[in-house]
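This report concerns only the one structure given below.
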Amino acid sequence: MNTLLNKVEPGEHLVPTHCCYCGMQCAMYLRVQNDSGKVVGVEPRYDFPVNKGKLCPKGVTAYQTIHHPDRLTTPLIRRNGKLEPASWDEALDLVAGKIIEIQKRHGKDAFAVFGGVSMTNEKCYLAGKFARVALGTANIDYNGRFCMSAAAAGANKAFGIDRGLFNPWSDILLADAILISGSNTSECHPTAIQYFWQARDRGAKLIVIDPRETPIARVADVHLALRPGTDSALLNGILHVIIADGYTDEEFIATRTNGYEQLKATVAAYTPERVAEITGVPAGKIIRAARLFGQAATGMAFYARGIEQHSKGVENVLQHLNLLLLTGKIGKPGCGGGTLTGQGNGQGGREHGQKADQLPGYRSILDPAARAHVAKVWGILEPELPGKGLSAYELLAAVERGEVKGMYVVCSNPAVSAPNSNLVNRGLENLDFLVVADFFLSETAELADVVLPTTVWAEDEGTTTNAEGRVIKINKAAEPPPGVMTDWQLFREIAKRLGRGQYFRYEKPAEIFEELRRASQGGIADYYGISYERVEREHGVFWPCPTPDHPGVPRMFEERFGHPDGKAQLHAVEFRPAGETPDAEFPLILTTGRVVFHYLSGNQTRRVGFLMEQCPEPYLEIHPQTAAKHCILDQTPVRVITRRGAMVLKARVVQTIRPDTLFIPYHWGKALAANQLTNPELDPVCRMPEFKACAVRIEPA
Amino acid sequence: MLTLPKVLFIDFERCIGCRSCQAACIECGGHESTYRNYVIPVAPGLSTQTVPMTCFHCKDPACVRVCPAGAIEITPEGTVLSAAKEKCMGCRNCTLACPFGIPKFDFEKKIMYKCDLCYDRTKDGLPPMCASVCPSEALQWIEQDEAMEKKRRRKVTQILGGAPSETGVHTITGWLNSVAGR
């Protein structure tokens, strides 16, 4: 371990914490001035085992949002069409009054909560409890539905347990072959790259599946640049070769899996030649990729939104799990992988009851035993617990249809991040009452009737769970602006005004965590054995951790899977096309994604000078052949049109994308929002919208 | 002359273009909110390959040789510092002489500034900010022996490997490596 000391400037002290952005949750120190209490900079935290001091440009500049001039410091109430400053009592009374009024007139479920997972476990947990206990509404869902729901559903189906990564990052250094699928890892999880590069140093083979030559695809041994929306077919091709060439681990399949015969029969029809037709990837490359993975003694498969944000996201995930199971590459050192979580607390935030169908501890809201347990912890009667609510996009669509009348948005910016944003924005505008809690005036907050200012991550403490399933601790480095409350305090104050204050008597996050531990006890994501002290002492604790003396589980599935018989389930997947495929009118495919300089809807990173200098606006990546065909030059404006919307962007003519594919980063709102174009076709299982493939037409603008 | 116990080793091909080194350079206390290292796209539009460009702290630096005022100090550890404020006369000779374009000129303050390897960190044994944060380890702060070993290994790879990538995109990092590996 690195024992470097840190530099402490005179008159300052360092507060150990973690970054507020992606699922890496990189450790960092914040530099705090002793006399003013202001956070003035960042210092690497060399001793934390995940990132060892390394940070991406978002992480380095994260502290700049803390004392940012754009911070909201007083509640805002819409009067005569304009948001105007108001007192806390006035704003909170109005919120509570409107909730009561709407629920009385239209029923409990007419008021919804829309959450997010860029906040601590304590807050995510409380969002679920707030909706069910304070409001009594079934309708709570969150932005993770657009992020990791497909990976979660896939892992649950195959393994019976969903933990983002099945292994600690350090296992990558033991892998001889690594498959990275639908992940622009170097831009979206930059500090993970050190592990992949070190694996390459020791000779690991790298296979990358991506329609673009991303910085990680550039160094791949095989880069399979597939047509967007054909992932499940490509994987069937790889599975076909794995079986045909005898790279399967028959003993592992026999003892630890079910469903092999059906899978074998299905993939038999997917010869490399047929798959080449569907995916646009040469058959030779498919065979080479399968052999590289099959021949390796150890191997890992990683995937992200590129395969998950599809109307068949769950099937795509299952295909990657099929690959790991067929080759016996899971539950051993250097074997496994999983999903690269995009949001900071994407893992913890989906475990503790912020999902329309779930209760804390990753319990189903339809399971009578789970309901009884959670109702007991919450001190309510089981029948008082609402049932399953609407998923995120369905909730927003219900808002547009006028079925949901009021909404409380916390830690999310659906006006930018939801697909088909024209429809979503129309709905948000038409709501009878919209409350947004945020620390900056986001595009969603601009539409609100009441905006409640809240704290940034460095102004509160609590835990998050990183992509590995490691529970870590965020520490408080600064005081919030005068009067500004953090999200759990807002929930408490509103609950009080709704006459439900007795269920929200918290004075500090540690009390919420205590309750969360108990609520999760015996569940899949069992946090019962985790404490703030252990997290600090052990550099994080991996769940499940059922007792205080349990070491936690860094590597999952070493002995058994989560299904009752302890075996994993193989799933035969027939390829089906994306919800929208190119035709004469819309002949190209649009895919969206991130850039390294911005995070999610950009509400934070678009306010940081250094990041905006690097990437001030979205652009259209287009191949030179396609650009020439449409008379488009580099850096000239292009109109991009789909069945749902149109927008104008500058072209970036690059050879690193397929000629039939266009790419737009999605971090901007309004006229610059890529999600005006995207297709809200949903996955039938997990309700993930299809951000990653839709039919599109372009013309010079 | 004393030698540094550790050196800044640059592994160009590891660069992922995130510019974290630049963001972190700004954060170094002595850098007055300017960055002094650069990230260069090798073949824009053709490849996503980028390379970090920082001062190499040459043994016989062109910037020092051409400075008529003797304003650019070399520390006992071999670090080539920014021009001393009281000596720099703003002639910009150094910005023209450096083959790598490292010294920059601040037209408001009329003074040259450049990478000083975060001297207030490195003199105390801490890595410079750029190498501390570089997520892909394109910039590494390592022992000289380890750096020499990596350099040898890189030469071998260049001789044995060097085939174009799957997509047929050639990069010029091989050339850059040979320049930097002087």
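The values are calculated or read from the model by the stated rules, or taken from the named source; none is laboratory data. Values in this document were obtained by computation on a predicted structure and should not be read as measured data. For neighbour counting, all protein chains shown are included, and Cβ atoms are generated from backbone atoms with ideal geometry for every residue, glycine included.
Per the listing A:Phe504, A:Phe491, the residue uniquely under 25 Å from the mean Cα position of the chain (by Cα) and modelled with pLDDT of 95 or more is A:Phe491.
When the range A:665-701 is filtered for residues that are at pLDDT 95 or above, assigned to a loop (DSSP other than H, G, I, E, B) and within 12 Å of A:Ile641 (Cα to Cα), the ones remaining, listed by number, are A:Leu677, A:Thr678. Taking the condition in contact with a Pro (Cβ under 9 Å, 6 or more places away or on another chain) and within 16 Å of A:His320 (Cα to Cα), does A:Ile178 pass? Against the criterion (in contact with a Pro (Cβ under 9 Å, 6 or more places away or on another chain) and within 16 Å of A:His320 (Cα to Cα)), A:Ile178 does not qualify.
Table: residues versus (1) farther than 23 Å from A:Glu429 by Cβ; (2) charged (D, E, K, R).
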position: A:Ala62; (1), (2): yes, no
position: A:Arg71; (1), (2): yes, yes
position: A:Arg78; (1), (2): no, yes
position: A:Leu83; (1), (2): no, no
position: A:Ala86; (1), (2): no, no
position: A:Leu94; (1), (2): no, no
position: A:Asp109; (1), (2): no, yes
position: A:Val117; (1), (2): yes, no
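Restricting attention to the range B:18-46, the residues that are buried (at least 23 other Cβ atoms within 10 Å of the Cβ), assigned to a loop (DSSP other than H, G, I, E, B) and within 8 Å of another protein chain (Cβ to nearest Cβ) add up to 2.
In the range A:611-628, the residues that are farther than 22 Å from B:Arg19 by Cβ form no Cβ pair under 7 Å with any partner that is in a helix (DSSP H, G or I) and at pLDDT below 95, whether six or more places apart or across chains.
For first residues located in the range A:126-138 and over 15 Å from A:Leu390 (Cβ atoms), partners that are hydroxyl-bearing (Ser, Thr, Tyr) and surrounded by fewer than 24 Cβ atoms within 10 Å (Cβ to Cβ) and lie 6+ apart or on another chain with Cβ distances below 9 Å form the pairs A:Leu126/A:Tyr506; A:Lys129/A:Tyr503; A:Val133/A:Tyr503; A:Ala134/A:Tyr503.
Residues in the range A:578-614 that are among the aromatic types (Phe, Trp, Tyr) and away from chain B (no Cβ under 12 Å): A:Phe586, A:Tyr599.
Taken over the range A:377-397, the residue count meeting the criterion of being surrounded by fewer than 20 Cβ atoms within 10 Å (Cβ to Cβ) and at pLDDT below 95 is 1.
Kindly check whether there is at least one residue in the range A:58-67 that is of a type in the set (A, V, I, L, M, F, W, C), more than 29 Å from A:Phe504 (Cβ to Cβ) and either at pLDDT 95 or above or in a helix (DSSP H, G or I) (or both). Checked the range A:58-67: at least one residue is of a type in the set (A, V, I, L, M, F, W, C), more than 29 Å from A:Phe504 (Cβ to Cβ) and either at pLDDT 95 or above or in a helix (DSSP H, G or I) (or both). Scanning the range A:27-40 for residues that are in contact (Cβ under 8 Å) with a residue 24 or more places away in the chain, away from chain B (no Cβ under 11 Å) and within 17 Å of B:Gly29 (Cα to Cα) yields A:Leu30, A:Val32, A:Lys38, A:Val39.
Answer with yes or no whether A:Glu12 is of a type in the set (Asp, Glu), modelled with pLDDT of 95 or more and over 27 Å from A:Arg537 (Cα atoms).
Details: of a type in the set (Asp, Glu): yes; modelled with pLDDT of 95 or more: yes; over 27 Å from A:Arg537 (Cα atoms): no.
Taking the combined requirement at face value, the residue does not satisfy it.
Applying the set (1) touching a helix residue (DSSP H, G or I) at 6+ places or on another chain (Cβ under 8 Å); (2) within 11 Å of chain A (Cβ to nearest Cβ) to B:Ala83 leaves exactly one unmet item: (2). Residues in the range A:191-230 that are within 9 Å of chain B (Cβ to nearest Cβ), small (Gly, Ala, Ser) and within 21 Å of the chain's Cα centre (by Cα): A:Ala192 alone. If I filter the range A:273-286 for residues that are β-branched (Val, Ile, Thr), closer than 26 Å to A:Arg560 by Cα, in contact with a Gly (Cβ under 9 Å, 6 or more places away or on another chain) and not in a helix (DSSP H, G or I), do I get at least one hit? Looking for residues that are β-branched (Val, Ile, Thr), closer than 26 Å to A:Arg560 by Cα, in contact with a Gly (Cβ under 9 Å, 6 or more places away or on another chain) and not in a helix (DSSP H, G or I), one finds none in the range A:273-286, hence no. Scanning the range B:57-66 for residues that are of a type in the set (Val, Ile, Thr) and assigned to a loop (DSSP other than H, G, I, E, B) turns up nothing. Only one entry in B:Lys59, B:Lys6 is surrounded by fewer than 18 Cβ atoms within 10 Å (Cβ to Cβ) and either touching a helix residue (DSSP H, G or I) at 6+ places or on another chain (Cβ under 9 Å) or more than 11 Å from every other protein chain (Cβ to nearest Cβ) (or both), namely B:Lys59.
Restricting the range A:217-233 to residues that are assigned to a loop (DSSP other than H, G, I, E, B), of a type in the set (A, V, I, L, M) and at pLDDT 95 or above, the residue that is surrounded by the most Cβ atoms within 10 Å (Cβ to Cβ) is A:Leu226.
When the range B:150-165 is examined, which residues are found to be at pLDDT below 70 and within 12 Å of another protein chain (Cβ to nearest Cβ)? Lay out the reasoning, then the answer.
Of the range B:150-165, the ones at pLDDT below 70 are B:157-165.
The answer is B:Thr157, B:Gly161, B:Ala163, B:Pro164, B:Ser165.
The set of residues in the range A:41-76 that are among the basic types (Lys, Arg) and facing another protein chain (nearest Cβ under 9 Å) comprises A:Lys54, A:Lys58. Restricting the range B:128-149 to residues that are part of a helix (DSSP H, G or I) and facing chain A (nearest Cβ under 8 Å) leaves a set whose member that is nearest to the chain's Cα centre (by Cα) is B:Met129. Would it be correct to say that A:Leu662 is in a strand (DSSP E or B) and of a type outside the set (Ser, Thr, Tyr)? Yes; evaluated as a whole, the condition is true for this residue. Of everything in the range B:47-56 that is assigned to a loop (DSSP other than H, G, I, E, B) and in contact with a strand residue (DSSP E or B) (Cβ under 7 Å, 6 or more places away or on another chain), the residue that is nearest to the other protein chains (Cβ to nearest Cβ) is B:Thr54.
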